[in-house]
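*Asks:* Structure incoming, see below.
The values are calculated or read from the model by the stated rules, or taken from the named source; none is laboratory data. Quantities reported herein were computed from a predicted structural model and do not represent experimental measurements. Backbone-built Cβ (ideal geometry, glycine too); neighbour counts: all protein chains shown. In case anyone asks, the SASA skips ligands and DNA or RNA and just uses the protein heavy atoms, side chains included. Shrake-Rupley method; radii C 1.70, N 1.55, O 1.52, S 1.80 Å.
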Amino acid sequence: MPAVCPCPYAPAAGAEPVYDGGMTTATVAPDTLVPLRQDATIIGLVGLAHASSHFSHLLLPLLFPVFMREFGLSYSELGFLMSVFFIVSGIGQAGAGFVVDRFGARRVLFAAELLFITACLAASLAQGYAGLLLVAVLAGLGNAPFHPVDFTILNQRVSALRLGHAFSAHGLTGNLGWAAAPVFLVGLGSVAGWRSAYVAAALMYAAILALLVLQRDKLRTEVVVRQPQHHAGSDLAFLKLPVVWWCFAFFMFSTMTLALVQNYAVSILQVLHGASLEAATLTLTAYMLCAAAGIFVGGFVAARRPDSDRVVALCMGGGAVLMALCGSGWLGASGTMTVLAVTGFAIGIGGPSRDMMVKKATPKGATGRVYGTVYSGFDVGFAVAPLMFGALMDRGQYGTTFFVAALVLLLSVVAAAGVGRRVRG
């Protein structure tokens, strides 16, 4: 009598079956090395999409000085815009993981790019605070699904031996999206006006969507197949794993420092050191480029160091020290701007190891759900930080913001250690 598989379904041909609560999804087998060109194309397309997501994070913050002047808004009011953006994104991201697992990543990705186009057009027509709130909601919805979408595609379509480099490229392109935003929006805004800059951004997103649609066969993912005996409670079983919440805490704390840099670094440098808008904006771009360089280096580190949590903790600890130096006032204008940029490099090195750390903590068959939940900590950090730092700045505590950012970065070190203990255990 032939052996009977205890599982209620058969694996897809040529794929590694993943068993999880009566569901299955097909992936590239771990010992399969597909052609480099195929992997590179998929990584490039996902990276472009990720860059567009990070670009959206700065659609509003880069023009805060303009909104303060034209609409008479305070730092706290502007910070609330970003809180709305990331609250919407965080709630949406947690739910998007389930949608991606159930219906596939490609459809969700196309919908996100359409939302970005709509957000940019709404921004170009905004007449006050209500219009900016609408932009925050639309852009937050567009941003929500990117981590579950991206990592589902990468984990399913890229050969396992290249995943470390895929995660490095993913983080690198995200930072390039951040770096491009100041040049694009501020540069075009100074020449053609801020409303025209938003129209140009909408056209850029439309071009990205067109390319993704043309290359849609590269973005296909296998969906979770529900079995008759499957019950909904098993979809949420991963939430009982403490390591998932340690990952969530890591993303929340580590992101709060980045939120300070993105939303307020330009204003802080102008007030504390008398930097011009152009010089302060260039510092923000330098931070993002240095972070991108760090991520590139970090890809090789992640491929060679299995103790990813320790790499992450070391990088975040170094970043905390540099951030505190920026708040000390000892370095002057040029020194502070230089060290702030170097902070991006230190933190960036830990990026690919961070993604490998989460991969190790992810149960098979739950990629979208786990990444959606864990990376929603990213959105929570971005939602909380603008309100907290904006309140400090409204009270004139500009230097204190750097010290607080250093403190929360140290808390992320504690969270990374918690992840490591549980993964190894």
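*Asks:* With labels modelled as points extended 7 Å from the Cα through the Cβ direction, what inter-label distance (nm, one decimal) is found for residue 403 paired with residue 207?
*Replies:* 4.6
*Asks:* I'd like the accessible area for residue 117: 1.4 Å probe, protein heavy atoms, all chains in place, Å² to the nearest 10.
*Replies:* 30
*Asks:* At most 16 other Cβ atoms within 10 Å and a DSSP loop assignment: could you name the trypsin sites (Lys or Arg not before Pro) in segment 379-425 that fit? Numbers along the way, then the final one.
*Replies:* Working: sites: 395, 421, 422, 424; in loops: 395.
Within segment 379-425, the qualifying trypsin sites (Lys or Arg not before Pro) (loop, at most 16 other Cβ atoms within 10 Å) are 395.
*Asks:* Let me ask another. For a bin width of 10 Å, list the pair-distance distribution of the chain built from all Cα-Cα distances, rounded to whole %.
*Replies:* Here the calculated profile for the chain is 5, 22, 33, 25, 11, 3, 1, 0, 0.
*Asks:* Quick check for you: with a 1.4 Å probe and neighbouring chains kept, what is the accessible area per residue of the chain, in Å²? Show your work: numbers first, answer last.
*Replies:* Values: 16490 Å² over 425 residues.
For the chain, the per-residue accessible area is 39 Å².
*Asks:* Oh, and also: Would you tally the net charge around residue 357, using a Cβ to Cβ cut-off of less than 10 Å, leaving residue 357 out, and scoring K and R as +1, D and E as -1? Intermediate values should be presented prior to the final figure.
*Replies:* On the way: positive: 310, 354, 359, 360; negative: 307, 309, 355.
My count for the surroundings of residue 357 gives +1.
*Asks:* Sum -39500 (n - 2.57) across every DSSP H segment of at least 4 residues in the chain, then divide by the residue count to get the 222 nm mean residue ellipticity, nearest 500. Could the numbers behind the result be given before it?
*Replies:* Details: 15 runs with 317 residues, N = 425.
Per the formula, -26000 deg cm²/dmol.
*Asks:* Just the accessible area for residue 246, please: 1.4 Å probe, Å², rounded to the nearest 10?
*Replies:* 70
*Asks:* Right, something else. Note down the magnitude of the dipole of the chain about its Cα centre, charges +1 on Lys and Arg C-beta and -1 on Asp and Glu C-beta and zero elsewhere, to the nearest 20 debye. Provide the component values of the computation, followed by the final result.
*Replies:* Details: 25 positive and 18 negative charges, 143 e Å.
My answer is approximately 680 debye.
*Asks:* Ordering 218, 359, 240 by how much accessible area each has at a 1.4 Å probe, largest first, what is the list? Kindly include the intermediate steps, with their values, before the conclusion.
*Replies:* Working: 218 55, 359 75, 240 170 Å².
The ordering from most to least exposed comes out as 240, 359, 218.
*Asks:* Have a look at 88, 208, 163 and report the one farthest towards the positive end of the charge dipole of the chain, computed about the Cα centre with Cβ charges (Lys/Arg +1, Asp/Glu -1).
*Replies:* The residue sitting most towards the positive pole is 163.
*Asks:* Where the accessible area of the chain is counted over protein heavy atoms with a 1.4 Å probe, how much of it, in %, is carbon and sulfur?
*Replies:* Values: 11460 of 16490 Å².
Carbon with sulfur: 70 percent of the solvent-accessible area.
*Asks:* If you don't mind, there's one more thing I want to ask. If you plug each phi of segment 384-394 into the Karplus form 6.51 cos²θ - 1.76 cosθ + 1.60 with θ = phi - 60°, what whole-Hz ³J(HN,Hα) values come out, in order, with x for Gly and Pro?
*Replies:* 6, 4, x, 5, 5, 6, x, 5, 4, 6, 4
*Asks:* I would also like to ask the following. Hey, what did the chain get for relative contact order, percent, Cα under 8 Å, at least 6 apart? Write out the running numbers ahead of the final one.
*Replies:* Numbers: 769 pairs, mean separation 112.3, N = 425.
Result for the chain is 26 percent.
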